[in-house]
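The values are calculated or read from the model by the stated rules, or taken from the named source; none is laboratory data. Predicted, not measured: the structure shown is a model, and the values here were computed from it. Cβ coordinates were reconstructed from backbone atoms using ideal geometry, including for glycine residues, and neighbour counts include every protein chain displayed.
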Amino acid sequence: MRVWQRNATVYKRTWKLNILPNFFEPFLYLLGMGLGLGAYINQMEGIPYIEFIAPGLLISSIMWGATLETTYNVFVKMNFDRIYDGILTTPINPKDLALGELLWGATRGTIYGGAFLSILFLFGMGLHWGILLIFPLIFVIGFMFATIGLLFTSMIKEIELFNYFFTLFLTPLFLFSGIFFPMTQLPEAVQMIAWFTPLYHGVELSRGIFNQIWSVDLLQHLTWIIVVTLLNTYVVLRAIHKRLYN
Amino acid sequence: MPKSAPIIKATNLTKLYDTLKAVDGINFQIEPGTCYGFLGPNGAGKTTVMRMIYCVTPLSSGILEVNGNNVMKRMSAVKRGIGVVTQDDSLDYDLNVINNLLVYARYYDLTKEQAVRRADELIEFFQLGEKRQAHVRTLSGGMKRRLQIARALINKPSILILDEPSTGLDPQARHHVWAKCHELLEQGVTLLLTTHYMDEAEQLCDKIAVMDQGRIITEASPWDLIKSEVSPYVVEVRSDEQTRQKILTAVADQIDFHEALSDRLLLYTADAIPLHAQIQDMNIPVKTLLSRRASLEDVFLKLTGRELID
């Protein structure tokens, strides 16, 4: 919690500088993809293309925001700025520290997601009561991706290795998790693989909430996310403890 | 009068990194209100000992108690009682001077009012008032070190740990740091420092442990170390090999012992004046002939060897 506050104190100073892109990014995506591609693809699964992709893009923006925080930013604080060396001499122990960074990653994810959501509202999407469910979901998804980013960070020694994480893990997730086209488009084997990946479940949940398609499937996706988040939190706290207490 | 209980007590303290014995079964006790120094070349294990005391490195074996708390069992109790100035600058570069102190105060769960009051005291004590709102990046090396020490004192610790506090500082800044350390000692704070500067150890420490290869070779007050390990005075002769040999033969019965280095001859003695005169009277060409008091540096080099350590 104290570590979360530390990050918040830093962010209070810099937020004016870095919040604007959070709003532009969705705007550009929706314009480029929605209006550009949307001109050729009128409808996808019975809804306008722009509305088909918007709920998924929202979730992916949380993914980018949360992982950026617990990968590069944590790595720099841990290995270059040596900020953790100082913090760990205080009553904060490595697990407190890791939990604080996870909460902060989730918070940054939520800020990305919140900005994205506000643009969607401006476009007139998701204006119904069911949308209230998206708020807790944004935070949970942020937390999940924070744990995924931090787990990778706890394993690597060189900052260059993040390229692998982003190019070989997050980018495929971004492209093959049903954001731009329905998963049924893909071979069954790929769909099977997708079931084991985190973004897919978030995208399905978000689309269900936006389009108010309430089915048991949504509960399944939610359960998957919660179980994976809890397991991963446990694993990553241990990994960071091992990395910082030796 | 009974001696007060030690504030830090290590029994058979050992740290293994794989097969490397970084700290090899050492014992020491530190009395409250004193300054205790670990002296040793790089890689001797000084920093590892410090890290075990402030609970960021687990012990491989042995017992280490700080303020009566076992460092492996009561970690946060231990950490609450100490302040740490790490060897590498660990200031928070994303924050300004005052926020470095306030954010740190939060890690110790100080209330906002307590934190502000304490931060103001420390800013005054370390003469950082003008830099209160300044960004850490803009501070000089000396100011950064002062801020680090100030930050370590935010929770009013009874023990302050300084890992090479004056490395990389200019002479003015070093003396300022030492002066502050003396003031803290007067306030009753126990100081624990590592250094490889002999003058620093002589200036500050009541007791010194000389470490090499994970072991404590010897432990005493600086002056006792000089008296027991070397002689009070040194006569240094710089000349060609032949002359040095001649001198050594001539004075052999008047010195306690000697060290023959590649370029110099060091003659250790209880009284330098007659020795110095005798060599002068020999009327042979020497490049330099000087007498001086023996220092901790002589002790250090004698104990840990003169070869370069990488």
Check whether at least one residue in the stretch B:28-51 is within 14 Å of chain A (Cβ to nearest Cβ) and not polar (S, T, N, Q), and report yes or no. yes
Against the conditions (1) in contact with a strand residue (DSSP E or B) (Cβ under 8 Å, 6 or more places away or on another chain); (2) outside any loop (DSSP other than H, G, I, E, B), where does B:Pro157 fall short? Just the number, please. (2)
Exactly one of (1) under 22 Å from the mean Cα position of the chain (by Cα); (2) of a type in the set (D, E, K, R); (3) on the phi > 0 side of the Ramachandran plot is unmet by B:Asp109. Its number? (1)
Name the one entry in B:Leu162, B:Leu147, B:Leu169, B:Leu153 that is within 15 Å of the chain's Cα centre (by Cα) and closer than 24 Å to B:Ala115 by Cβ. B:Leu162
Of the conditions (1) within 14 Å of another protein chain (Cβ to nearest Cβ); (2) surrounded by fewer than 20 Cβ atoms within 10 Å (Cβ to Cβ); (3) part of a strand (DSSP E or B), the single one that B:Lys15 does not satisfy is (2)
Of all helices (runs of 4 or more DSSP H) completely enclosed by the stretch B:61-126, which ones contain at least 1 residues that are at the interface with another protein chain (Cβ under 9 Å from one of its Cβ atoms)? B:75-80, B:97-107
Of the residues in the stretch A:15-32 that are at pLDDT 80 or above and under 24 Å from A:Gln212 (Cβ atoms), the one that is surrounded by the most Cβ atoms within 10 Å (Cβ to Cβ) is A:Leu30
Scanning the stretch B:180-202 residue by residue, those under 25 Å from B:Arg118 (Cα atoms) and part of a helix (DSSP H, G or I) turn out to be B:Lys180, B:Cys181, B:His182, B:Glu183, B:Leu184, B:Leu185, B:Glu186
If B:Asp24 meets every condition in (1) at pLDDT below 90; (2) away from chain A (no Cβ under 14 Å) apart from one, which number is that one? (1)
For the stretch B:164-179, name all the residues that are in a helix (DSSP H, G or I) and within 16 Å of B:Gln127 (Cβ to Cβ). B:Gln172, B:Ala173, B:Arg174, B:His175, B:His176, B:Val177, B:Trp178, B:Ala179
Sort through A:Gly178, A:Gly208 and tell me the only one that's of a type in the set (Gly, Ala, Ser), under 23 Å from A:Tyr29 (Cβ atoms) and not in a helix (DSSP H, G or I). A:Gly178
Kindly list, by first and then second residue, each pair from a residue in the stretch A:74-93 that is at the interface with another protein chain (Cβ under 7 Å from one of its Cβ atoms) and without any contact (Cβ under 8 Å) to a residue 24 or more places away in the chain to a residue that is polar (S, T, N, Q) and surrounded by fewer than 19 Cβ atoms within 10 Å (Cβ to Cβ), limited to pairs with Cβ atoms under 6 Å and residues at least 6 apart or on different chains. A:Pro91/B:Ser76
Please pick out the residue among A:Ala115, A:Ala106 that is in a helix (DSSP H, G or I), surrounded by 24 or more Cβ atoms within 10 Å (Cβ to Cβ) and away from every other protein chain (no Cβ under 14 Å). A:Ala106
Of the candidates A:Thr233, A:Thr229, A:Thr184, the one satisfying the condition of being surrounded by fewer than 19 Cβ atoms within 10 Å (Cβ to Cβ) and more than 14 Å from chain B (Cβ to nearest Cβ) is A:Thr184
Can you find a residue in the stretch B:155-175 that is in contact with a Leu (Cβ under 9 Å, 6 or more places away or on another chain), of a type outside the set (Asp, Glu), within 30 Å of B:Gly68 (Cβ to Cβ) and more than 14 Å from every other protein chain (Cβ to nearest Cβ)? yes
Could you list all residues from the stretch A:187-196 that are touching a helix residue (DSSP H, G or I) at 6+ places or on another chain (Cβ under 6 Å) and surrounded by fewer than 19 Cβ atoms within 10 Å (Cβ to Cβ)? A:Gln191
So B:Asp206, is it in contact (Cβ under 8 Å) with a residue 60 or more places away in the chain, within 27 Å of A:Pro91 (Cβ to Cβ) and either buried (at least 16 other Cβ atoms within 10 Å of the Cβ) or touching a Ser or Thr at 6+ places or on another chain (Cβ under 8 Å) (or both): no
Return a yes/no flag: does the stretch A:11-26 have any residue that is assigned to a helix (DSSP H, G or I), within 11 Å of another protein chain (Cβ to nearest Cβ) and of a type in the set (Ser, Thr, Tyr). yes
Quick one: which strands (runs of 3 or more DSSP E) lie wholly within the stretch B:211-292 and hold at least 1 residues that are touching a residue at least 40 places away in the same chain (Cβ under 8 Å) and surrounded by 15 or more Cβ atoms within 10 Å (Cβ to Cβ)? B:215-220, B:233-238, B:257-260
Just a yes or no: is a residue in the stretch B:69-85 within 19 Å of B:Thr167 (Cβ to Cβ) and either surrounded by fewer than 18 Cβ atoms within 10 Å (Cβ to Cβ) or among the hydrophobic types (A, V, I, L, M, F, W, C) (or both)? yes
